[in-house]
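J.: Starting off with a structure, shown below.
The values are calculated or read from the model by the stated rules, or taken from the named source; none is laboratory data. Quick caveat: nothing in here was measured; it's all calculated off a predicted structure. We place every Cβ from the backbone using ideal geometry, glycine too, and count neighbours over all the protein chains shown.
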Amino acid sequence: MSLKELINALTGCGLTRSDAKIYVFLAREGPNKIHLIAKALRMQETELANRLEHLKRIGMVKKIDEISIPQFFAVPLEKALDILVEVNLKEAAVAEKNKKVVLRYWDSKLKESIKDNQ
């Protein structure tokens, strides 16, 4: 599998293209500082910091704080994929719950509309 195919596969699992590139870079290169990651990926440091925070929040990236300049590293690919599956399942559950709420609302408004038109 090529690097491009790997990034496409990760976007298919729910990551943005930027997040997939960051994850793959860290998985291949190991722990890195923000300014080096930004330079390698040609990203603004502020945008990169936001994307790293998101990846850290969902558990795909970890931060090493014990050193003078923090570094980030990727969790193993299999764990990262498990995380993406879990995130997608949670999002699907929320969507299903919202669907039920919308349908209940729609049904009640439709019934009111029918009564109003009679």
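J.: Looking at (1) aliphatic (A, V, I, L, M); (2) loosely packed, with under 13 Cβ neighbours inside 10 Å; (3) in contact (Cβ under 8 Å) with a residue 12 or more places away in the chain, which is the one condition that is false for L55?
T.: Unmet condition: (2).
J.: Residue check, K62 against (1) modelled with pLDDT under 95; (2) in contact with a strand residue (DSSP E or B) (Cβ under 8 Å, 6 or more places away or on another chain), all met but one. Which one?
T.: Among (1) modelled with pLDDT under 95; (2) in contact with a strand residue (DSSP E or B) (Cβ under 8 Å, 6 or more places away or on another chain), the lone unmet condition for K62 is (1).
J.: In a helix (DSSP H, G or I) and touching a helix residue (DSSP H, G or I) at 6+ places or on another chain (Cβ under 8 Å) - does that describe any residue in the stretch 60-69?
T.: no
J.: For residues that are acidic (D, E), surrounded by fewer than 18 Cβ atoms within 10 Å (Cβ to Cβ) and in contact with a helix residue (DSSP H, G or I) (Cβ under 7 Å, 6 or more places away or on another chain), tally how many sit in the stretch 11-52.
T.: From the stretch 11-52, those acidic (D, E) are 19, 29, 45, 47; that's our starting set.
If we keep only those that are surrounded by fewer than 18 Cβ atoms within 10 Å (Cβ to Cβ) as well, we get 29, 45, 47.
Pick out the ones that are also in contact with a helix residue (DSSP H, G or I) (Cβ under 7 Å, 6 or more places away or on another chain) and you get 45.
Looking only at that region, the number is 1.
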